[in-house]
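Report on one structure; see the data block that follows.
None of the figures in this text is laboratory data; all of them are computed from the coordinates on show. As the structure is a computational prediction, the values presented were derived from the model and not from experiment. Note that we place each Cβ from the backbone using ideal geometry, even for glycine, and neighbour counts take in every protein chain shown.
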Ligand code: C2E
Ligand code: CA
Ligand code: CA
């Protein structure tokens with residue numbers, strides 16, 4: 001701090017009812033005096049360069065008042081003009097007006113910072129009495145009359161400096177306060193940021209579960225008061241997001257989530273019409289799960305329309321590092337309004353509907369209702385039971401012969417899963433395979449199945465020479481196509497049991513191949529290169545046309561039983577079956593007809609030059625022990641049409 005910034009104020013007010021005293025003050029204060037050492041003191045405190053030797057000091061600017069009231073007026077106008085007094089000299093007795101103490105009280109009321117010198121001619125005047133009547137004792141000095149001019153000057157000089165220092169302290173304090181309030185402001189902002197972090201998802205910046213539940217609570221409350229204002233909750237899950245994450249990495253996954261969040265927020269923004277009582281809101285619950293709270297929809301179909309717009313927005317391609325990805329989403333909708341419904345229950349209902357949407361084919365939306373709740377609950381229970389089914393020995397594999405139509409010889413078997421549930425009894429694969437696929441349990445189950453099948457086939461090979469050329473076909477779930485490591489792990493299981501790739505075939509449905517063309521092509525090509533046979537299952541039920549059949553690496557085409565069983569009564573079907581067989585033969589593929597139940601089915605297929613057949617006409621799928629009995633009893637191993 002430099003001494004130039006020290007605001008030395010040399011303004012002095014003298015208050016006395018005696019004009020000759022004012023003259024004395026003037027003489028003492030208004031002419032230059034030799035430096036009594038205060039200049040040096042100032043230099044040591046404020047760093048001003050001390051001048052050599054005593055220097056002449058400036059005089060003071062002195063104003064006068066004859067009475068306390070006049071003094072107060074002068075002090076006020078000095079304050080108003082921005083030129084306050086530093087020091088006031090006050091006579092103790094000024095009849096008939098205020099006495100010295102009263103005057104000082106008024107002056108301090110108007111300007112608490114002014115310094116005061118009390119002048120008294122009366123030695124009997126009790127100083128302690130004055131002190132007891134006045135506050136701010138540190139701003140008060142006593143001067144006895146008659147005073148010495150130098151003493152007055154010294155007092156004024158030193159008090160003016162003190163005043164300046166006090167002003168500096170006040171300023172410093174104000175500065176500190178300002179700093180403090182800045183810090184407080186910062187702190188409030190930091191707290192605000194913390195609150196935001198606590199209520200929002202970091203990745204997408206959308207509101208999180210906590211904020212959503214809070215808003216759902218408000219919604220439910222409001223709806224109880226205004227039943228006409230219906231709110232809907234959309235629970236949304238990206239289909240196959242895990243595949244993006246697993247195959248392209250988390251960075252790609254994050255980018256997709258951020259983009260999906262942006263699209264969601266955009267739909268919500270454009271859906272919300274002005275004048276709704278509250279804003280709609282898109283939130284992220286975590287992973288690839290989002291929720292949209294739609295405020296004040298007129299009815300369920302408005303919510304469904306919005307859900308369609310969301311599905312559309314989310315299904316547009318995502319571009320990440322030059323790669324185009326496409327994803328769909330499944331949406332469950334629940335309408336708020338149940339009596340005593342909690343936010344969690346509302347969310348759970350929407351989740352249930354989402355589960356249903358996903359189960360019925362993904363890329364769709366479903367509206368929650370009570371029966372759905374039961375169905376989904378059953379399915380969830382089944383899913384929980386399925387997780388430990390293989391370990392508890394509840395799963396089994398049955399085998400259905402695949403028969404050469406021309407010779408009647410058994411060429412192979414299809415392996416089919418069975419689940420013996422401890423309380424539900426036999427659960428058909430159509431009921432549990434989709435659950436296993438949706439929940440991801442299918443990978444473990446498929447591994448278990450292939451292992452059992454390989455072990456069984458190895459046993460047949462060992463015990464029955466006639467089984468040397470027999471193969472077993474195993475079903476591959478669409479979900480497994482997402483795993484590029486599948487061919488490698490299949491090969492190692494088969495090898496572990498001492499089998500060759502040609503001993504095992506893999507069946508993959510036409511619809512799975514068509515849905516995941518790129519992934520399917522990679523996996524099927526790999527499996528085929530390793531020597532495994534590939535069968536296209538359920539042919540005719542998917543969306544492929546005959547013309548794209550040649551693109552896939554297929555050894556065997558399995559015509560779905562719907563064609564086999566209707567083509568007899570329907571000439572068009574017969575024509576289709578005929579062209580399928582002809583085309584497959586032209587492509588070098590073998591054809592198996594599924595669902596052959598009657599001798600008529602068989603005769604017709606024979607006429608159409610179908611190669612192989614499978615169906616109840618020959619045998620139902622049976623346990624390995626029954627196949628072994630057949631192998632033992634029939635050395636020529638022919639299937640006898642029942
Ligand atoms: P799929 O692969 O088309 O299997 C053929 C289904 O047709 C089997 O039903 C079989 O029992 C049935 N079937 C065979 N001959 C006839 C017949 O003459 N008439 C009629 N009406 N049906 C016949 P299943 O065993 O109930 O299996 C149903 C589906 O479950 C299978 O269809 C397959 O998609 C799936 N599945 C079964 N086991 C597995 C498995 O280990 N892994 C996978 N991923 N899916 C499996
Ligand atoms: Ca099959
Ligand atoms: Ca089939």
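In deg cm²/dmol and to the nearest 500, what is the mean residue ellipticity at 222 nm of the chain if only DSSP H runs of at least 4 residues count, each as -39500 (n - 2.57), divided by the residue total? It would help to have the intermediate numbers written out before the result.
On the way: 21 runs with 304 residues, N = 642.
That calculation yields -15500 deg cm²/dmol at 222 nm.
Quickly work out the residue 23-to-residue 323 label distance, labels modelled 7 Å from Cα along the C-beta direction, and quote it in nm with one decimal.
Rounded to a tenth, the inter-label distance reads 10.6 nm.
Taking the Cα centroid of the range 554-585 and of the range 134-197, what is the distance between the two, rounded to the nearest whole Å?
Each part's Cα centre sits 102 Å from the other's.
Counting only DSSP beta bridges with both residues in the chain, what percent are antiparallel, rounded to the nearest 5?
Numbers: 42 of 87 bridges.
In the chain, DSSP labels about 50 percent of beta bridges as antiparallel.
May I ask for the Rg/Rh ratio of the range 416-456, computed from Cα atoms with Rh as the Kirkwood radius, given to two decimals?
Details: Rg = 10.8 Å, Rh = 10.9 Å.
Reported Rg/Rh (Cα atoms, Kirkwood Rh): 0.99.
Within 10 Å of each residue's Cβ, count the other Cβ atoms and sort 127, 497 from fewest upward. Show your work: numbers first, answer last.
Numbers: 127 11, 497 18.
In increasing order of surrounding Cβ atoms, one gets 127, 497.
Checking a compactness column here: for the range 365-435, what do you get for Rg(Cα) / (2.2 N^0.38 Å), N being the number of residues?
Details: Rg = 17.3 Å, N = 71, 2.2 N^0.38 = 11.1 Å.
Ratio of Cα Rg to 2.2 N^0.38 Å: 1.56.
Note the direction-averaged projected area, equal to a quarter of the hull surface, for the Cα convex hull of the range 85-125, in nm². Please list the in-between numbers first.
Values: hull surface 11.8 nm².
Average projection, Cα convex hull of the range 85-125: 2.9 nm².
Rounded to two decimal places and with Rh computed the Kirkwood way over Cα pairs, what is Rg over Rh for the range 276-347?
Result for the range 276-347 is an Rg/Rh of 1.04.
Share of Cα-Cα pairs in the range 371-495 beyond 17 Å, in percent? Display every interim value, and only then the final one.
Numbers: 4846 of 7750 pairs.
Value for the range 371-495 (Cα pairs over 17 Å): 63 percent.
Could you grab the relative contact order for the chain? Cα pairs under 8 Å, six or more apart, rounded to a whole percent.
Details: 1018 pairs, mean separation 51.1, N = 642.
In percent, rounded to a whole number, it is 8.
If you take all C-alpha pairs in the range 241-360, what percent of them are over 24 Å apart?
Details: 2151 of 7140 pairs.
That tail contains 30 percent of the Cα-Cα pairs.
Taking the Cβ of each residue in 413, 432 as the centre, tally the other Cβ atoms inside 10 Å and list the residues starting with the fewest.
On the way: 413 28, 432 24.
Taking fewest neighbouring Cβ atoms as first place, the list is 432, 413.
Please report the Cα spread of the range 180-235 along all three principal axes, rounded to whole Å, starting with the longest.
In descending order, the Cα extents are 50, 27, 12 Å.
I need the fraction of alpha carbon pairs in the range 458-575 separated by more than 25 Å, rounded to a whole percent. All intermediate terms of the calculation are to be shown ahead of the outcome.
Numbers: 2180 of 6903 pairs.
When every Cα pair of the range 458-575 is considered, 32 percent fall beyond 25 Å.
Would you kindly calculate the translational diffusion coefficient of the range 289-393, applying Stokes-Einstein with the Kirkwood radius from alpha carbon pairs, for 37 °C and a viscosity of 0.692 mPa s, and quote it in µm² s⁻¹ without decimals? Don't jump to the answer; show the numbers that get you there.
Values: Rh = 15.5 Å.
It comes out at roughly 212 µm²/s.
Given a cut-off of under 8 Å on Cα pairs at least six residues apart, what relative contact order in percent is computed for the range 551-636? Working shown, then result.
Working: 91 pairs, mean separation 24.0, N = 86.
Normalised by residue count, the contact order of the range 551-636 is 28 percent.
Grab every C-alpha pair in the range 232-310, bin the distances at 5 angstrom width from 0 up to the longest one, and report whole percents.
Once binned at 5 Å, the Cα pair distances of the range 232-310 give 3, 15, 25, 22, 15, 10, 6, 3, 1, 0.
Return one quarter of the surface area of the convex hull spanned by the alpha-carbon atoms of the range 119-233, equal to its mean projected area, in nm². Walk me through the numbers on the way to the answer.
Details: hull surface 63.2 nm².
That works out to 15.8 nm².
How would 25, 359 line up from fewest to most surrounding beta-carbon atoms within 10 angstrom? Numbers along the way, then the final one.
Numbers: 25 24, 359 18.
Taking fewest neighbouring Cβ atoms as first place, the list is 359, 25.
Normalised radius of gyration for the range 511-612, please: alpha carbon Rg relative to 2.2 N^0.38 Å, two decimal places. Before the final figure, lay out each step's value.
Details: Rg = 13.7 Å, N = 102, 2.2 N^0.38 = 12.8 Å.
Rg over 2.2 N^0.38 Å, computed on Cα atoms: 1.08.
Report the Stokes-Einstein translational diffusion coefficient (µm² s⁻¹, integer) for the chain, Rh taken as the Kirkwood radius over Cα pairs, at 25 °C with viscosity 0.890 mPa s. Walk me through the intermediate numbers first.
Values: Rh = 33.7 Å.
Answer, rounded: 73 µm²/s.
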